[in-house]
Structure formats: C-alpha cells, structure tokens
1. Inside segment A:88-109, can you point out the residues that are aliphatic (A, V, I, L, M) and surrounded by 21 or more Cβ atoms within 10 Å (Cβ to Cβ)?
2. Counting just the residues of segment B:227-262 that are assigned to a helix (DSSP H, G or I) and among the small types (Gly, Ala, Ser), which one comes out modelled with the highest pLDDT?
3. Restricting attention to segment A:30-79, report how many residues are surrounded by 13 or more Cβ atoms within 10 Å (Cβ to Cβ), in a helix (DSSP H, G or I) and of a type in the set (A, V, I, L, M, F, W, C).
4. Kindly evaluate A:ARG157 against the criterion of being of a type in the set (Lys, Arg), at pLDDT below 85 and closer than 27 Å to A:LEU266 by Cβ.
5. Considering only helices (runs of 4 or more DSSP H) fully contained in segment B:1-98, which possess at least 2 residues that are away from chain A (no Cβ under 14 Å) and more than 25 Å from B:ILE287 (Cα to Cα)?
6. Confirm whether A:VAL220 is within 30 Å of B:GLN265 (Cβ to Cβ), assigned to a loop (DSSP other than H, G, I, E, B), of a type in the set (A, V, I, L, M, F, W, C) and in contact with a Ser or Thr (Cβ under 7 Å, 6 or more places away or on another chain).
7. If A:PRO189 satisfies all but one of (1) in a helix (DSSP H, G or I); (2) in contact (Cβ under 8 Å) with a residue 60 or more places away in the chain; (3) surrounded by fewer than 20 Cβ atoms within 10 Å (Cβ to Cβ), what's the number of the condition it fails?
Amino acid sequence: MNKTVKHLIRNFAFTSGLLLTVTLIVIAIAAPLLAPADPYQQDAARRLEAPSDQHPLGLDDLGRDVLSRILYGARVSLRVGFSVVILASVVGVTLGAIAGYFGGTIDVLVMRLCDILLAFPGILLAIALVAVLGPNLNNVILALATIGWVGYARLVRGQVLKVREMEYVMAAKALGAKSPRVIIRHVLPNVINPVIVMATLGLAGAILAEAALSFLGLGVQPPIPSWGAMLTAGRRYLGLANHLAIFPGAAIMLAVMGLNFLGDGLIDALDPKYRKQIG
Amino acid sequence: MTQYIIRRFLQMIPITLGIITLIFSLIHLIPGDPAASIAGEGARPEDIAQVRKALGLDQPLWKQYVTYLGNLARGDLGRSFRTNESVTKEILARYPATLQLAFGAMIVALLVAFPLGIVSAIYRGSWIDNVLRFFALVGVSMPSFWFGPLLIIAFAINLEWFPVSGREAGFKSIVLPSLTMGLALAAILTRMIRVSLAEELTQLYVTTAIAKGVTRPKAIFRHALKNALIPVITVLALQFGSLLTGAIITEQIFSWPGLGRLLIQSITTRDYPQVQASILVIALTYIMVNFISDLMYGVVDPRIKLE
C-alpha cells in the first residue's frame with residue numbers, strides 16, 4: 001500500500017474526520033430517503049413540541065420536523081461549502097500561478113489586491129457584500145468566494161516562485177514548452193498538496209461562515225433549511241424549546257469538526273512543512 | 001526602529017485608501033438603481049429622488065468619491081437615514097461596549113489558555129496533553145452562535161446566575177458574552193503556548209539551568225516561559241482584531257449594544273450611511289490593531305530586527 005495512505009489510516013484525527021465527512025456527504029445525498037418527514041410541512045398546532053418517538057429531534061416554531069430540516073440542511077451547507085471552495089480555488093490558483101510565474105505588473109496588481117482584502121476582516125467583507133447584493137444562497141457563495149480566493153493565490157504564488165527556478169522547469173522551457181503548458185504540467189502538480197489541505201480547511205470555513213451569515217439573517221432565507229438560520233429561530237425560544245438551538249448547532253459543529261480533523265490529518269500526510277509552521 | 005515605524009505607517013496608507021474605496025463602492029454594487037432599492041418597494045418617485053440627492057448619487061462618480069474622501073477627512077461619516085443624526089455620534093456611543101467585550105474575551109482567553117497550554121507542554125505526549133489538544137480542536141470548531149445559546153440555557157435560564165441578554169447588569173452581564181467570544185481564542189492560544197513552550201523546554205539553556213541546580217518549575221517559569229511568550233503575544237495582538245469582528249455575532253446573540261449589533265440593525269433597516277460608517281470604523285480599527293501588533297514584535301523580542 002502507498003506510504004501516504006498507510007500513514008493516513010493510522011492517523012486518528014484523519015480517520016475520525018473522514019468518517020464524519022463521509023457521513024455528512026451521505027446525509028446530504030440521501031436526505032430525501034433518510035428524512036422522516038417533509039422539511040417544509042408545517043403543523044401549527046404542534047409547534048415547539050419537544051423530541052418524541054415520532055419526531056426524534058422535536059418540532060420547530062412552525063411545527064416542522066427538526067430532524068428532517070437538519071438532514072436537508074446538510075445539502076445547503078455542502079452546496080455552499082463546495083461552491084465556495086471550487087470558485088475560490090480556481091480563481092486563486094489561476095491568479096496565483098500567473099502572478100508567480102510571470103511576475104512584474106500583474107504580480108504587483110494581484111498581490112496588492114490580496115493585501116487590501118487581507119487587511120479587511122473576511123467575515124466583515126462578506127457581510128458588507130451580502131448586505132448590498134441582497135441575502136440569498138448565491139450571493140452568500142459569491143461573497144465567501146470573493147474573500148476566499150486570496151489564500152489560494154498567495155499560497156500558489158509563493159510555491160510557484162520557488163518551483164519556477166527549478167532545473168526541470170528550465171529544461172521544459174528550453175525544450176520549447178509554452179508558458180501555459182509549463183504552468184499546468186510542471187508547476188501546478190508541485191503545489192497541489194498544500195492546495196488540497198487548504199481546500200479541506202476552506203470547506204469547514206465556508207460551512208461555518210454560511211451558518212454565521214444565516215444566523216445573522218444575511219444568508220439563506222426561509223423557508224430553506226439552513227443550520228445557521230435554524231439557530232436564529234432557536235435563539236428566540238431559549239428556555240421554552242431548547243432543542244431548536246441545540247440540534248442545529250450540534251450539526252454545524254460536527255460537520256466543521258470533521259472537516260477540520262480531516263484537514264489536520266492531511267497536513268501531516270501531504271504537507272509536513274506546513275505542520276512545522278502551525279505546530 | 002523609527003525608520004521601520006515610518007515605513008510601515010506609509011505602507012498602511014495605500015491599503016487604507018483601498019479599503020475606503022472598497023467601502024465607498026459598496027453602495028454602487030446594489031443591483032439595479034441603488035436609490036430605488038434603498039427607498040424600498042412602493043416608494044414614490046419623489047422619495048427616490050430625495051434618497052438619490054441625500055446620498056449624492058445624482059453627482060458624477062468621481063465627484064461622489066472626492067466628496068466622500070473630503071467628508072471622511074473632516075470626520076463626517078454621513079447622516080443616518082433612520083434618525084437623521086450624524087452616524088459618528090451613534091458609533092461613538094456604541095464603540096465602548098464593543099471594546100469592553102473584546103477585552104473581556106481576551107481576559108477569558110488568557111485565563112484559560114495559560115494554565116492549559118503550560119500543562120500541555122510540560123506533559124507533552126501524555127494523556128493530559130491529548131485531552132487538552134482535543135479540547136483545543138473542539139474549541140476551534142465550536143461556533144460562537146451555538147456556544148452562546150448553550151451558555152444562556154445553562155447559566156442564565158437554568159441556574160439564573162447571569163442575565164440572558166443586555167448590558168444593564170454590570171459585570172454580570174459581560175460574563176457570558178466574554179466566555180462565548182473568548183473560547184475560540186482560548187483554543188488557539190492554548191495550542192500556541194503548548195508548541196512554543198515545548199520547543200523552548202528542549203533548548204540547551206533550560207538543560208544548563210537545571211544542571212546548575214535551578215529547580216524545574218523555576219526553569220520553566222523563569223527561563224523558558226519568557227521566551228515562549230514572544231510568538232504568543234504577537235498572535236494575541238493579531239487576534240484582537242478578529243475579536244472585533246467576532247463581536248458582530250456575539251453582540252447579536254446577547255443583544256449587546258455594540259458596534260456589531262449596530263451594523264446588523266442598520267443592514268436590516270437599510271440605513272446605508274450607517275452601514276458604510278460602521279464597516280469603515282471596524283475595518284480601520286482592525287488595521288490599526290494589526291499595525292500596533294506588528295510594532296510590538298520588535299519591542300518584545302530585541303533579537304528580531306525590524307527592517
């Protein structure tokens with residue numbers, strides 16, 4: 001078996017993270033099969049009902065089944081998470097690779113833009129963007145990707161600067177390879193590991209940020225089941241119906257923890273240098 | 001050092017200008033006609049025209065920008081749509097509450113992180129260390145908007161030790177918000193202190209000190225800890241900036257009357273001048289704090305030459 005794979009399996013953080021993440025993905029895909037009820041079905045007469053055999057996690061403020069809404073909520077979380085990570089990493093890796101490989105004006109421009117965005121607290125910019133664009137799922141994705149690409153760009157640029165000077169890259173150039181080919185075939189494969197680690201942790205970050213925005217009322221709008229928005233409703237009924245706040249929060253935490261564990265394990269296996277930096 | 005401060009300060013200018021430009025352009029990102037959108041659905045054309053004039057949206061873009069910069073230089077951040085008062089006034093009234101919360105969170109984080117981090121470093125690799133590391137990972141993953149309500153359920157509703165929300169009950173009212181906001185920072189700091197101290201403990205000067213008869217606790221606390229604190233202090237200062245943004249969520253949970261809550265309230269009421277000004281003030285504070293923490297690097301560790 002591959003040494004990296006062996007190392008990963010023995011890593012407790014990685015295996016538990018992988019287990020949680022796979023569970024999350026399965027739940028998201030199979031939500032219609034797993035959910036005991038329609039997540040939109042209201043029953044006003046039974047609102048705020050505590051957990052029971054029929055409704056294991058109880059009913060919410062509109063009498064909807066909390067378990068079903070949490071299961072469907074996994075879809076929203078993952079949709080936002082994956083969309084943000086894909087958008088941010090594609091933009092970030094492309095800009096970072098171009099900036100690092102060509103240098104000069106384009107490098108200065110991209111890096112100054114990164115500086116400005118990094119000098120700005122990320123979630124604040126996301127809040128600002130959603131506030132003006134209007135709160136909905138797509139704008140949340142757009143806002144989070146707008147702040148998310150910077151990390152990838154800086155990471156890839158730094159790596160490209162190093163790889164660019166390697167002999168095999170010079171050899172490729174000497175043999176007449178054009179810039180795009182050199183970047184895609186020779187430079188990018190060398191920077192892919194840290195990008196995978198960053199994407200895994202970025203997925204956790206995006207899920208958390210979506211929940212935060214929805215909690216503030218700036219994210220996914222009702223009646224779509226979003227864990228963050230469910231918590232907002234739960235906060236209003238603290239003391240009366242604690243299950244409304246406890247369960248969606250636990251779902252967010254397990255999802256984020258799983259991805260963080262996974263990312264942490266991947267750091268050990270794929271990018272030991274990064275481990276030295278963060279301890 | 002003076003040279004470094006001046007250069008670092010000069011570097012801050014384009015970044016600050018960039019942020020101001022970004023915040024200025026926010027209002028122009030509103031889809032469609034910003035004035036119509038701000039005036040709200042069903043607004044009469046004269047209302048829309050009034051909004052357009054009040055925001056200066058009837059002027060050419062460059063003129064709007066110059067006016068915006070000029071007003072900023074005079075400390076005029078605009079007038080609130082809701083109260084028609086200077087937005088600066090409202091911000092100044094809310095600012096202390098946010099700072100108070102940030103300091104509260106920092107104190108909580110320090111009180112938790114120091115003992116845990118030190119114990120973890122001393123017993124590195126043992127079960128205590130593993131338990132504490134797990135705690136740190138959980139702390140980082142625990143969203144404040146979940147931890148906060150859990151604290152409210154346990155300590156405000158069931159035990160009735162602290163108020164559920166607000167700032168009126170003095171010291172009692174800041175405890176739960178500070179705990180909520182301080183948890184993630186405590187987790188990060190615990191990890192930092194652990195790594196940093198564990199590394200110092202392997203240094204020869206510690207071995208030498210013990211060989212010369214210094215007791216182990218003294219070697220740890222008097223010699224190693226001092227050096228281990230250097231990176232920790234920098235992280236602490238850097239994290240203070242993120243506490244300010246963390247306050248946006250925590251203030252919402254506890255109805256804490258600070259800048260973050262003001263921002264969210266203004267967004268809900270579409271009070272754009274107030275939104276712009278709140279974001280600007282939070283962002284500028286963040287930049288200033290990071291600037292100061294950068295300078296602290298050199299002060300704390302004379303070995304680091306700031307160039």
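1. A:ALA88, A:VAL93, A:LEU95, A:ALA97, A:ALA99
2. Restricting to residues being assigned to a helix (DSSP H, G or I) and among the small types (Gly, Ala, Ser), the top hit is B:GLY260.
3. Going through segment A:30-79 one residue at a time, the tally reaches 9.
4. Judged against the criteria, A:ARG157 is not a match.
5. Numbers: elements: B:2-26, B:34-39, B:45-54, B:61-73.
Counting at least 2 such residues, we get B:45-54, B:61-73.
6. Yes, satisfied.
7. (2)
Each row is one residue, and each column tells you yes or no for (1) among the polar types (S, T, N, Q); (2) more than 10 Å from every other protein chain (Cβ to nearest Cβ).
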| position | (1), (2) |
| --- | --- |
| B:LEU244 | no, no |
| B:THR250 | yes, yes |
| B:PRO257 | no, yes |
| B:LEU262 | no, yes |
| B:TYR272 | no, no |
| B:VAL289 | no, yes |
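The values are calculated or read from the model by the stated rules, or taken from the named source; none is laboratory data. In this text the structure is predicted, and so the values were computed from the model without any measurement. Please note: Cβ atoms are built from the backbone with ideal geometry, for glycine as well, and neighbour counts cover all protein chains shown.
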